[in-house]
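No lab work stands behind these numbers, since they all come straight from the coordinates. All values derive from a computational prediction rather than experimental measurement. All Cβ positions, even for glycine, are placed from backbone atoms using ideal geometry, and neighbour counts span all protein chains on display.
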Amino acid sequence: MTEVLRASGLVKRYGGVTALAGTDLTLRSAEVHALVGENGAGKSTLVKILSGVLRPDGGTVELDGRPTSFASARDAAAHGVAIVSQELSLFPDLTVLENLFPHNAPLRGGLLSPGRMAQRAAPVLRELGLTVPVRTKVGDLALADQQLVEIGRALLQHPRALILDEPTSALPRESVRRLDAVLRRLVTRGIAVLYISHFLEEVLRLAQRVTVLRDGRVTVSDAPTDSIDLDSLVTAMLGAAAPPVLGAAAPPAAVRTRTGRPGAAPAVSFDRVSVPDRLREVSFAVAPGEIVGFAGLQGAGHLSVFDVLCGRARPGSGVARINGRPAPRSFRHAIRAGVALVSSDRKRYGLMLDKPVWQNTSAVSWLGLGRGGPWLHRARLADTAAAHGRRLRIRGHPGDLTNTLSGGNQQKVVLAKWLDTEPSVIVLDDPTRGIDVGARAEMHTIIADLARDGRAVLIASTDLIELAELCDRVVIFQHGRVTDEIPADRLSEQTLSVAMNAGFAGTVE
């Protein structure tokens, strides 16, 4: 193995905050090197420097042993360093094919050649297992497929060093397996891979070496993964206060002894609800104080339930109710009915990344619903944002631009925004996607507390362990129908996986 990319003594400051304090990292050919750390540890800053998005305040980056400084991400890609970011950089109104070739598309007679583009893309898409038509608009794809398009675009650049930032956070199990196989093939070709993930079991399975960051400093450097275990990784990430069990949230017993409020009317109910091509005679009820999971393979219909609750889909038949009233006709009506949606796709649906934290936390309650009156009281809104920040342990200040926060802290800002509306029904779509083990435990505690306060919580997650830890029960979907309901005392990753796949064949919806 030869050294491809080396960072030495990198320093990066944002005002009075030091994001990196003398950070080192080495990537070698034919090797997967994992980078892990709590949200705000400095991972994103390091990746942005390596990929040419940011310039360091100190330290050096070397490519093939020679000092280098990339002018941009495009310049880095031209030198063989490609990145797949956790925050997708696709163009939703363009087709899959157009997104795969944003630069250097093959030409014929000076014009773009879709035929040659498709020919070049076909083996990469086949390798990733992405079977969608290449002329489909990316905005019409599921988030998991969009992630695969982003990875495909990077692979088409024939990188020598490939940076993957949380590549599996939105992928279902079968797509994760495909990506595992792709990574192994990339390594045999001699590509150096930097792999950032909060799934630590995944890190130990895929990577040959691991580096751990905490507060901008390296706590584990270039360690062979066969010499380190899960407990050691968690301790290196979080320090002595690390949770003793990986993935631990609020103790399961504390969550599962809650069964809603006896005798209370349902906060959410579906009675034989059908949505053309999406849901077929779906019935269930969620009481105040319950946490109910919704699970299924991609396209199974469970996420369409959320669309109905949020006014983005209308039942063709049957009755859906929220707090006894018919389901909302629009997203705005849903908000006024007390529904909060925490989306996994925070870039598209959750945040105004170029606005300060305080403006994001107040966007719905004060600015959208007008609860603060006609005048904008910035100091009051900043105080409210600070209170949410303390409760959710958001690393950042109310005046910070949201795009300067780490991905996990951005997700906490999304949650803060919706908690500010004081909702009675909370809809969570992959709420801990891209969040580290410490923040994940904090989020689980917050979710359990919200239910204890009497909120009805509906949650979908690509992490089956999360559903097993949090939920009072999980409703299973296949082909737009409810096929099973698993109570808390039978919940496990295995039982959920079996229920989701049992008897499943072909595509759905």
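With a sphere of radius 12 Å drawn around the Cβ of VAL149, what net charge do the other residues whose Cβ falls strictly inside it have (Lys, Arg +1; Asp, Glu -1)? Write down the numbers at each step before the final one.
On the way: positive: LYS137, ARG153; negative: GLU98, ASP140, ASP145, GLU150.
Net charge in that neighbourhood comes out at -2.
With Cα atoms defining each centre, segment 31-55 and segment 263-278 are spaced 44 Å apart in the structure.
The modelled label-to-label distance between LEU204 and ALA118, using points 7 Å beyond Cα along the C-beta direction, is 4.6 nm. Basic side chains Lys and Arg get +1 at the Cβ, acidic Asp and Glu get -1 at the Cβ, and with that the dipole of the chain about its Cα centre reaches some 1280 debye. According to the square roots a ≥ b ≥ c of the eigenvalues of the Cα gyration tensor, what is the shape class of segment 109-149, taking rounded for a/c under 1.5, prolate for a/b larger than b/c otherwise, and oblate for the remainder? Verdict is oblate for segment 109-149. What is the log10 of I(q)/I(0) for segment 1-153, computed with the Debye formula using one identical point scatterer on each Cα and no solvent, at q = 0.17, 0.18 Å⁻¹? At q = 0.17, 0.18 Å⁻¹ the computed log10 ratios are -1.06, -1.12.
Restricting to DSSP H runs of at least four residues, report the calculated mean residue ellipticity at 222 nm for the chain, -39500 (n - 2.57) per run over all residues, nearest 500 deg cm²/dmol. Write down the numbers at each step before the final one.
Values: 17 runs with 163 residues, N = 509.
The helix contribution divided over the chain gives -9500 deg cm²/dmol.
Only four residue types carry charge here, +1 at the Cβ of Lys and Arg and -1 at the Cβ of Asp and Glu. Report the dipole size of segment 1-51 about the Cα centre in Debye, rounded to the nearest 20. If you can, show how the numbers build up before the last one.
Details: 6 positive and 4 negative charges, 41 e Å.
I would put it at about 200 debye.
Measure nothing fancy, just the Cα-based angle from helix 407-419's long axis to the longest principal axis of the chain, in degrees from 0 to 90, nearest 10. That helix lies at roughly 20 degrees to the long axis.
Excluding VAL319 itself, what net charge comes from residues whose Cβ is under 11 Å from its Cβ, given Lys and Arg +1 and Asp and Glu -1?
Details: positive: ARG272, ARG321, ARG325; negative: ASP271.
Within the 11 Å Cβ shell, the charges total +2.
Between the helical axis of 143-155 and the longest alpha-carbon principal axis of the chain there is an angle of about 10 degrees. Under the simplified labelling scheme, the ASP215-HIS79 pair shows an inter-label distance of 3.2 nm, with each label point 7 Å from Cα along Cα→Cβ.
Pop out the Kirkwood hydrodynamic radius of the chain from its pairwise C-alpha distances, inverse of mean 1/r, in Å to one decimal.
Values: mean 1/r = 0.0418 Å⁻¹.
Evaluated over the chain, this radius sits at 23.9 Å.
Full extension of the segment from VAL319 to LEU353, taken as 0.36 nm per residue of separation minus the current Cα-Cα distance, would add 8.5 nm.
By how many nm would the segment from ARG452 to ALA387 grow when fully extended, if each residue of separation counts as 0.36 nm and the alpha-carbon distance is taken off?
Length gained between ARG452 and ALA387: 21.4 nm.
Each Lys or Arg adds one and each Asp or Glu subtracts one; over the other residues with Cβ under 14 Å from the Cβ of ASP484, this totals +2. Placing pseudo-labels 7 Å out from each Cα toward the beta carbon at SER330 and SER232 gives an inter-label distance of 5.8 nm.
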